[in-house]
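What follows is a short report on a single structure.
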Amino acid sequence: MPANKSEDFGDAMRALMAPRSVAVVGATERADASSSFVMRNLMRFGYRGEIIPVHPKAETVFGYKAAPSLSSLDAAPDVAVIGIAAEKVIEALDEAGRTGVKAAVVLASGFAELDEAGRERQRQLVEIAGRYCMAICGPNCLGLFNLGTGAALYSSSLSTNLEKGRFAILSHSGASAIALGNTGRFGLSHIVSSGNSAATDIPEYLEFLATDEATSAVGIVIEAIREPGKLARAMMKMHAANKPVIALRAGRSARGAQATAAHTGSLAGSNEAYHAFFKRVGIIEVPDMDGFMETATLCLSLKQRPTRPGVAIVGVSGGGVAHVSDIADEAGLSLPDLQPETITKIKALLPPFATPQNPLDTTGVVFANGDIYRDVLHSLAGDPSIGLIVAAQDAPAGLDDFCASEYLGIAEAVSAYAETGKAPVVFMSNLSSGHHPAVEAKLPDVPVLRGTKSTLAAIAGLIGQNPVVSWPGMATAARKSLPAGALTEREAKALLAAEGLPVPSEKLVTSPDAAAEAAKTLGFPVAMKIESPDILHKTEAGGVKLGIASEAEARAAFEAIMASARAYAPKADLRGVSVQEMVTGGVEALVGLVRHEPFGLGLVIGIGGVLVELVKDSAFDLLPIDLARAEALIGETKLASLLDGYRAAPKADRKALAELLVKLSGFAARYGGDIEAVDLNPVAVLPEGKGVRILDALIIPRTDGKRDAGPAIETER
């Protein structure tokens, strides 16, 4: 985007998010009209900018002088709220653009979510936005609300209990925005219900909020990502501003991968692609609204980010901290053992029967003396392996005031520690209903979180968040096209070998005698496989024979393979039999590529062989990957244990497998535009120092007629 165009759009976003004047097109006093809600919300929340009702006949609306049209105004308003039927929106929007309006909110439904006519209407809306460099919220949305200025461009009821604060909510769903905004857990700077987000989507809102002084953190409720590159760039700006972003994705149920013919398609669904993307760009993903609330509360109230991954859990009940410890393990948190110096300090503070460890039961002594609890926290914070402390303390809301008072000393101790403590502390209730109000009141500067699972997942998300956009560089490679039509295994291997991926020697034969001669030349034993672009999984077709040890066996195997293949697929194009160098020993791995739009290709690694569907062991990441990420991916699988010598087996060449993953990433850089999926199964990982071999290969070309211009994510403008 040219600099002047970018500046113009920046002005348009400011006009949308912080307008100084608002025109409401279709303004009416009819109670059920969307424009009526907007007018009343503007008045109700004390918007101080200019309000201009636009109606062809009315003289006033809610006491405000009406204008017959936008073009009749002496000066263009910052934003026009289009509160009329979908069929009339395009005309009104074009008038707004011609008049010089910088931004618009289109409330009506009846666009791409409806039918073909709606999709055409939305295409015209996007064209108008581009022509006039307008920022447009919607269509099919509730609108947006700037709590700092009272600019409530919102077409539904808004509670006056909404508190002004530093958290912004961006949501494709209006209902989710309202639900999350009205919990009372934190104050809000902005609420945006963006609906179809046809012309202005989450990345544009994030770029605005990155420089918005009223916003410290952002939560997004997202149904789909259309342009990953834009979102990655927006996240670079959010990280630069030290503003965390939380994401709750709607529609996460698996619908099956596009590449159903490849094993990798069944292993890595769209959820894995979204998880990988969020991790790469440093967005904290949450599973549900409870997780959203606790993560938002944590991000807003934590004074400092943990500098180490280790977490200490402290409480007054052995059973209680054990329960928390179990769930911490499920959340993937690290609970490191305490250093000897830390143990010595804690022993000096607690009764002789206490056991200084992580998790730590302080015993009930702290009820009588809160200073002990405070000093225990300081001792834990001094441990070099501890980055954050969780004070797991229930004080249920249903307690009477007398019983609640027993917990006030602990709360005061945590609060006192937080003033000078070296490691951040979180005060947690195991109950989602939270703490007694009197206890919470003692913790004004401490994150007070609710529910064990949601709290620990929030902590894990924050600790595991990548605070930068991490996208490894990919070496520039000349783009290549796949040969036309379906590829056989041998043809697929030839393409892979040309890019430096290791494959066994092989030869295509079309007669029993040729099979015997090829086997003799390659050296016994050999493997023999059917050669056909129409038979993807050869084992099921009886098209594979292994361990062929003589010329006679090779002739017989040729006849058997051809007969089985004809019976399995009578109409298949049978081109002969591939006689291959027999590779024995090692660990069988599955390596593959699978496409998930809009992210492009991702890589799958896991246990391979004939049991791949049964074991379902895999790790996934988007491309490109470098050697460090390849090694980390292997470490995320059960395959890693096999490679490292499970049950005294010899170690396999893990380094060579990691190098193969990087080479496959490079292969995707050349051919990825034409690829739907790649299935390398099995890949034989030979003993340490002996390398790897691709024993079977399936490349599935794209059939949608599209071709990538390059890697799915580019973070450079």
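The values are calculated or read from the model by the stated rules, or taken from the named source; none is laboratory data. Keep in mind that what you see is a predicted model, and the values were worked out from it rather than measured. All Cβ positions, even for glycine, are placed from backbone atoms using ideal geometry, and neighbour counts span all protein chains on display.
General observations
- Filtered residues of the range 197-245 (kept if polar (S, T, N, Q) and either in contact with a Ser or Thr (Cβ under 9 Å, 6 or more places away or on another chain) or buried (at least 24 other Cβ atoms within 10 Å of the Cβ) (or both)): SER197, THR200, THR215, SER216, ASN242
- Checked against the criterion of being touching a Cys at 6+ places or on another chain (Cβ under 9 Å) and surrounded by 18 or more Cβ atoms within 10 Å (Cβ to Cβ), the range 462-477 contains one or more residues that satisfy it.
- In the range 388-399, the residue that is modelled with the highest pLDDT out of those that are in a loop (DSSP other than H, G, I, E, B), surrounded by fewer than 21 Cβ atoms within 10 Å (Cβ to Cβ) and within 36 Å of the chain's Cα centre (by Cα) is ASP394.
Listed here are the residues, each with its yes/no results for (1) surrounded by fewer than 24 Cβ atoms within 10 Å (Cβ to Cβ); (2) in contact (Cβ under 8 Å) with a residue 12 or more places away in the chain.
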{"position": "ILE284", "(1), (2)": "no, yes"}
{"position": "LYS303", "(1), (2)": "yes, yes"}
{"position": "GLY318", "(1), (2)": "yes, yes"}
{"position": "ASP326", "(1), (2)": "yes, no"}
{"position": "ILE343", "(1), (2)": "yes, yes"}
{"position": "LYS347", "(1), (2)": "yes, no"}
{"position": "ALA354", "(1), (2)": "yes, no"}
{"position": "ILE372", "(1), (2)": "yes, yes"}
{"position": "ILE386", "(1), (2)": "no, yes"}
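- Residue match in the range 31-38 (condition: touching a Phe, Trp or Tyr at 6+ places or on another chain (Cβ under 6 Å), at pLDDT 95 or above and aliphatic (A, V, I, L, M)): no
- The sole residue among GLU559, GLU517 that is surrounded by 15 or more Cβ atoms within 10 Å (Cβ to Cβ), among the charged types (D, E, K, R) and either more than 27 Å from ILE634 (Cβ to Cβ) or over 46 Å from the mean Cα position of the chain (by Cα) (or both) is GLU517.
- First in the range 536-560 and at pLDDT below 95, second anywhere and part of a helix (DSSP H, G or I) and crowded, with 16+ Cβ neighbours inside 10 Å, Cβ under 8 Å, 6 or more apart: LYS538/GLU489; GLU540/TYR568
- The residue that is nearest to ALA312 (Cα to Cα), counting only those in the range 344-371 that are under 42 Å from the mean Cα position of the chain (by Cα) and among the aliphatic types (A, V, I, L, M), is LEU360.
- Output for the range 464-497, where each listed residue is at pLDDT 95 or above and either of a type in the set (A, V, I, L, M, F, W, C) or farther than 22 Å from ASN681 by Cβ (or both): ALA492, ALA494, LEU495, LEU496, ALA497
- Taking the criterion of being among the small types (Gly, Ala, Ser) and either surrounded by fewer than 23 Cβ atoms within 10 Å (Cβ to Cβ) or not assigned by TED's automatic domain parsing to the domain that holds ILE694 (or both), the residues of the range 600-626 that qualify are GLY600, GLY609, ALA619.
- When the test is whether a residue is touching a residue at least 60 places away in the same chain (Cβ under 8 Å) and surrounded by 17 or more Cβ atoms within 10 Å (Cβ to Cβ), LEU248 passes it.
- Meets criteria (in contact (Cβ under 8 Å) with a residue 40 or more places away in the chain and either hydroxyl-bearing (Ser, Thr, Tyr) or touching a Gly at 6+ places or on another chain (Cβ under 8 Å) (or both)) for LEU593: yes
- Wholly enclosed strands (runs of 3 or more DSSP E) of the range 538-633 bearing at least 1 residues touching a Leu at 6+ places or on another chain (Cβ under 8 Å), on the phi < 0 side of the Ramachandran plot and not acidic (Asp, Glu): 576-581, 587-596, 600-607, 618-622
- Qualifying residue in the range 404-423 (condition: of a type in the set (A, V, I, L, M, F, W, C) and under 28 Å from PRO287 (Cα atoms)): yes
- Test: residue in the range 112-120 that is among the charged types (D, E, K, R) and touching a Leu at 6+ places or on another chain (Cβ under 8 Å): no
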